[in-house]
Structure formats: C-alpha cells, structure tokens
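Written out below as structure tokens is the structure these notes cover.
The values are calculated or read from the model by the stated rules, or taken from the named source; none is laboratory data. Worth saying up front: this structure is predicted, and the values here are computed from it rather than measured. Methodologically, a virtual Cβ is constructed for each residue, glycine included, from the backbone with ideal geometry; neighbour enumeration extends over all protein chains shown. Areas reflect the complete protein model, heavy atoms only, side chains present, ligands, DNA and RNA absent. Shrake-Rupley method; radii C 1.70, N 1.55, O 1.52, S 1.80 Å.
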Amino acid sequence: MLKFIRRFWIVVLLLITACSPVAPITSTPAPTAVVDDLAQYKPALITADQNDLAQLDHPTRYNLTLQYDPATPTLTGVEDVRFFNHQSAPLNEIYFRLFANYPDSGGKISVSHLSVDGAAASATLETQNTALRVGLSQPLAPRAEADLHLDFVVTVPRDSTGHYADFTATDSVTTMPTVYPLIPAYDSQGWHTELPPAYGDLVYADASLYAVTMTVPTTMTVIASGTTTRKDDNNNGTTTWHIVGAPMRDFDLNVSAQLQKTSATLGETTVNSWYDPADADAGKSALQFATDALRIFQNNFGTYPYRKFDVVETPTTAGGIEYPTLVVVARSLYRDPRNRQYFEFATAHEVSHQWWYGMVGDDQVNQPWVDEALAQYSALIYEEDLYGKDAAHQVMRNNFIGLYNRAKNAGQDMPVNLPVAAYDEATYGAIVYGKGPLFYDAIRTKMGDALFFKFLQTYFQRYRYKIATSDDILKTAEDVCNCSLQNEYQEWILSPQK
Ligand SMILES: [Zn+2]
C-alpha cells in the first residue's frame with residue numbers, strides 16, 4: 001500500500017491486532033468439490049509460463065462460488081479449500097483469516113456449515129474476530145491434505161471511510177479486498193494471525209490456485225484478480241463470471257456498473273485501466289503508467305507471467321493498494337493535476353508489487369520493508385528509465401531522503417526491518433518508505449549497475465512464488481556481488497540499535 005501525505009510526496013503504506021474468545025460455530029457436513037486438474041488454471045498465465053503451475057508443491061486450492069447483491073449489499077459465498085501440510089510436524093488446527101471483520105472496516109463476515117473432509121467441524125474466533133481457528137479431530141500428518149468447506153456471508157459497508165476506504169460499496173464501484181476466508185502463512189513461528197495497525201498491509205499467505213464463479217446483476221462488471229474465462233447469462237437479470245487465477249496469494253474483487261475501461265496489450269498480457277467516466281483523461285494516463293511500468297519491470301526483474309493486469313480508480317484514501325494482477329489507485333490522484341507526478345509514482349510503486357509481495361512473497365506484517373522498500377526503489381527505476389538519471393535523483397531527494405531526514409532530524413530514526421506495529425504511522429512512512437530504499441541505492445553504488453540488476457533478477461528467480469526475508473535479500477545480494485554488504489546493511493537497515 002502507499003499512503004500520500006499531501007505537503008510532500010510523503011509515501012506511507014497502509015493496513016492492522018487482537019484475541020477474544022468466541023462462541024463455537026456450529027456446522028453440518030457438506031460435500032467438498034475441489035476439481036483436481038491443473039489445466040483449468042492455465043488461462044491465468046501466458047503460454048511460456050504455464051508450466052510454473054506444475055512446479056508448485058501442492059499449493060492450496062480455493063474454489064469460490066460467489067454471489068453479489070448490490071441492494072443489501074452483501075457477498076454470499078461457498079468456499080471449498082484443499083490444504084496440504086508442508087510442515088514436518090502434524091497440524092492440530094488450520095486457521096482462516098476473516099479480514100472483513102477488521103475493527104474499523106465497517107464490514108462483517110460470518111461463517112457457517114464448516115466441515116473438514118466431509119465431517120462437521122467447529123471453530124472459534126480469535127484476534128478481534130479476524131482469525132478463525134478450525135480444530136482438527138485428527139491431526140493432519142506431514143504431507144497429507146485436508147478438504148475444508150464453509151459458507152460465508154459478507155456485509156459490505158456503504159461509503160465506508162474505515163481502513164483507508166479500501167472495503168466499501170459506493171455508487172461508482174464496490175471494493176472487496178480479501179473478504180473471503182483466507183488461510184494465512186504457516187512458518188517457523190507457526191500460524192500467522194497477527195493484526196497490524198491500520199497503516200500496514202494485512203495479507204501474509206502462500207501462492208495458491210483460485211477457481212471462482214461470481215454472479216452479479218447483468219448491468220455490473222466484475223473486476224477481479226485472475227483472468228475471466230467465460231460469462232454465462234442466467235436469463236434472470238444476472239450473469240455468472242468464471243475466473244481463474246494462479247499462482248496468487250490473495251483474490252481481490254470489485255464490481256461496478258459505472259467504471260469505463262481502456263486497454264492495451266503487452267505481449268500476451270492485456271492491461272486494463274478502469275476509471276470513472278468523469279476521469280477519462282486520467283484513466284488513459286493510468287493505462288500508460290501501468291503499461292510502461294510493467295514493461296520496465298519485466299526488462300529489469302523478470303517476466304510478468306499473468307495474462308491480465310488491471311489498474312482501478314477507487315475511493316481509497318491510500319495512494320494505492322496492491323493485489324494479485326490488479327492494483328487500485330486513489331480517485332484523489334486522478335482528479336488532482338498538481339499531483340500528476342505522484343499519481344505516476346504511486347502507480348509505478350503499486351505495479352512493482354506484482355514482483356515484490358505478489359510473486360516474491362514476504363511477511364508484510366512483521367517485515368514490511370521486504371516488499372515496500374523495494375517497491376519504492378522500483379518506482380525510482382521506473383522514473384530513471386523513462387525520464388533519466390537527473391529526474392530520478394530529484395525523486396530520490398524529494399521522496400526518500402527528504403522524508404527520512406525529517407524523521408532523523410526529529411530524533412525519530414529507527415531500524416528499517418521492524419514489524420509495522422513497532423512504528424507509528426508517520427515514522428512507518430519515513431523509515432520503511434524513505435530510509436528503506438536508500439539501502440538499495442547504497443548497495444547499487446557499491447556493486448555497480450550490472451551486478452545490482454543481476455541481483456534483482458536473481459532475487460526474483462530464487463524466491464518467485466515463495467517467501468523471502470530480510471536475510472534472503474542480504475544473502476542474495478552478497479552472493480551476486482561476491483562481496484560483503486554488512487556495512488551497508490548495518491548503516492541503512494539495522495541502525496540505530498538501542
Ligand atoms: Zn507499497
């Protein structure tokens with residue numbers, strides 16, 4: 001995410017903490033219906049990258065059957081998930097995140113009819129109702145899988161300003177980020193059910209496979225993560241959209257009867273810009289920014305493998321927010337010509353998250369710099385590619401150095417590699433978004449351009465569809481340059497130590 005504070009190009013990212021006992025959720029057995037066929041996901045990817053699917057080790061599979069009713073407004077869903085235990089120890093429980101229950105979102109999700117392998121299961125809510133703990137009657141053995149089934153109903157808040165207005169039903173567009181139950185990452189710390197402050201991103205999850213049907217009034221368009229493969233008119237005023245997406249950590253969903261579209265192609269990828277009819281010029285600019293950014297990042301990092309990319313104008317009060325194959329950018333940036341530079345920078349920042357967060361995953365709650373500092377530096381690479389080194393230096397001075405120096409001069413310098421919750425909102429922006437990218441500038445100066453860009457390509461290849469950590473960034477850079485970067489890492493990432 002990217003948060004804009006108007007006076008400067010102050011970029012701060014956004015997003016969520018908690019634990020309360022909750023009544024058990026009663027359930028009845030229900031059939032599971034996960035289709036065992038990788039072929040169905042291939043339309044999500046360009047031809048050259050469709051074999052990526054076979055290289056994934058038993059990714060989680062989500063089958064979602066969704067229905068949106070704009071009158072209420074509610075999203076009703078049936079979810080079937082096949083989950084594989086990648087750990088060396090048996091699991092006694094599986095968690096889902098229920099981010100629609102985030103405390104200030106204004107929205108709500110309730111879950112029912114939960115079953116595991118066809119047998120009724122019970123669950124308890126934790127972490128301010130944002131984590132659902134499903135107890136397993138039999139521990140799930142290492143390298144065994146379980147089929148989970150549940151029904152859910154999401155109440156979508158109208159004109160909500162909570163949580164950067166990222167989850168809201170408005171006249172122009174309804175935005176529903178990660179509102180279905182999502183299985184979080186399980187790593188050496190166990191299940192991740194933390195809730196960061198509102199200015200941090202929420203999702204820490206593994207790359208998964210999605211097959212989704214979404215039924216909406218025929219007058220509405222579905223703008224979602226993944227690729228639409230078919231639309232069926234139900235002859236009752238509704239249309240069912242069939243969507244596949246893979247490998248993706250998350251599934252973002254928007255519906256609109258108002259947004260218009262302009263498109264371009266980049267190889268086999270279709271790039272769509274969705275904008276309010278009043279913002280047609282800015283919508284065309286967003287398409288240009290996104291297409292240029294995808295091209296520049298492909299050239300510098302590695303292939304964008306998906307068949308589709310969307311940039312969507314929404315009422316969010318963040319500068320922009322990233323999702324798989326889709327980013328949203330704030331309407332306020334479409335409508336303020338004085339902020340055109342920031343509109344472009346923010347769009348490039350969000351597009352780069354397809355590589356950093358989307359394909360190379362990270363713990364956005366506990367190590368947010370892993371994707372955010374590199375997204376900032378990637379936006380600088382975009383500026384340099386299109387407008388030259390002088391323009392890029394100006395961006396670095398204004399955006400990164402100025403932002404960081406104001407915090408440092410105020411006695412608020414901190415290490416970069418801390419959890420979102422270790423910072424307040426302003427310091428989070430200054431340290432992670434201002435100081436963090438200066439680490440990349442320092443190691444680029446030391447390594448030289450050729451090795452620096454080789455490092456970025458190697459880092460992308462090593463961790464594509466996996467999870468990367470702070471240590472992985474440092475190790476990969478040192479491997480590529482065959483040099484020590486401990487001084488740069490100490491100065492820019494670990495200092496000042498208390
Ligand atoms: Zn970001």
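For the pair His86 and Gln55, label points projected 7 Å from Cα toward Cβ lie 1.5 nm apart. Of the residues Gly162, Ala54, Asn299, the one whose Cα sits farthest towards the positive end of the charge dipole of the chain is Asn299 (charges of +1 on Lys and Arg Cβ, -1 on Asp and Glu Cβ, taken about the Cα centre).
Rounded to whole numbers, the Karplus 3J(HN,Hα) couplings from phi for segment 377-389 are 5, 5, 5, 5, 4, 4, 4, 5, 5, 8, 10, x, 5 Hz, using 6.51 cos²θ - 1.76 cosθ + 1.60 with θ = phi - 60°, and x at Gly and Pro. Of the beta bridges in the chain, as assigned by DSSP with both residues counted there, near 80 percent are antiparallel. Rg then Dmax, both in Å and based on the Cα atoms of the chain: 21.7, 66.
The modelled label-to-label distance for the pair Thr270/Arg462, using points 7 Å beyond Cα in the direction of Cβ, is 3.8 nm. Counting only protein chain heavy atoms and rolling a 1.4 Å probe, the accessible areas of Tyr102, Tyr433 rank, largest first, as Tyr102, Tyr433. Counting only protein heavy atoms and a 1.4 Å probe, the chain has 37 square angstrom of accessible area per residue.
As a fraction of the 1.4 Å probe accessible area of segment 260-338, surface on carbon and sulfur atoms comes out at 46 percent.
Suppose R0 equals 22 Å. What FRET efficiency, 1/(1 + (r/R0)^6) with r the Cβ-Cβ distance, do Ala120 and Gln67 give to the nearest 0.05? For Ala120 and Gln67, the calculated efficiency is 0.40.
Amide H contacts for Ala257 (H built 1.01 Å from N in the peptide plane; partners 5 or more residues away or on another chain; cut-off under 5 Å): Thr221.
In order along segment 241-248, the phi-based Karplus estimate (6.51 cos²θ - 1.76 cosθ + 1.60, θ = phi - 60°) of 3J(HN,Hα) comes to 9, 9, 10, 10, x, 5, x, 9 Hz; Gly and Pro are listed as x. Karplus-derived 3J(HN,Hα) values for segment 478-487, using 6.51 cos²θ - 1.76 cosθ + 1.60 with θ = phi - 60°, are 5, 4, 6, 8, 6, 8, 8, 10, 4, 5 Hz; glycine and proline are entered as x.
Summarising the label geometry, the points placed 7 Å from Cα in the beta-carbon direction at Gln189 and Asp104 lie 2.2 nm from one another. Here, P(r) means the percent of Cα pairs in each 10 Å bin from 0 to the largest distance; for segment 382-457 it is 19, 43, 30, 8. Per residue, the average separation of C-alpha pairs within less than 8 Å and at least 6 apart gives segment 260-338 a relative contact order of 27 percent.
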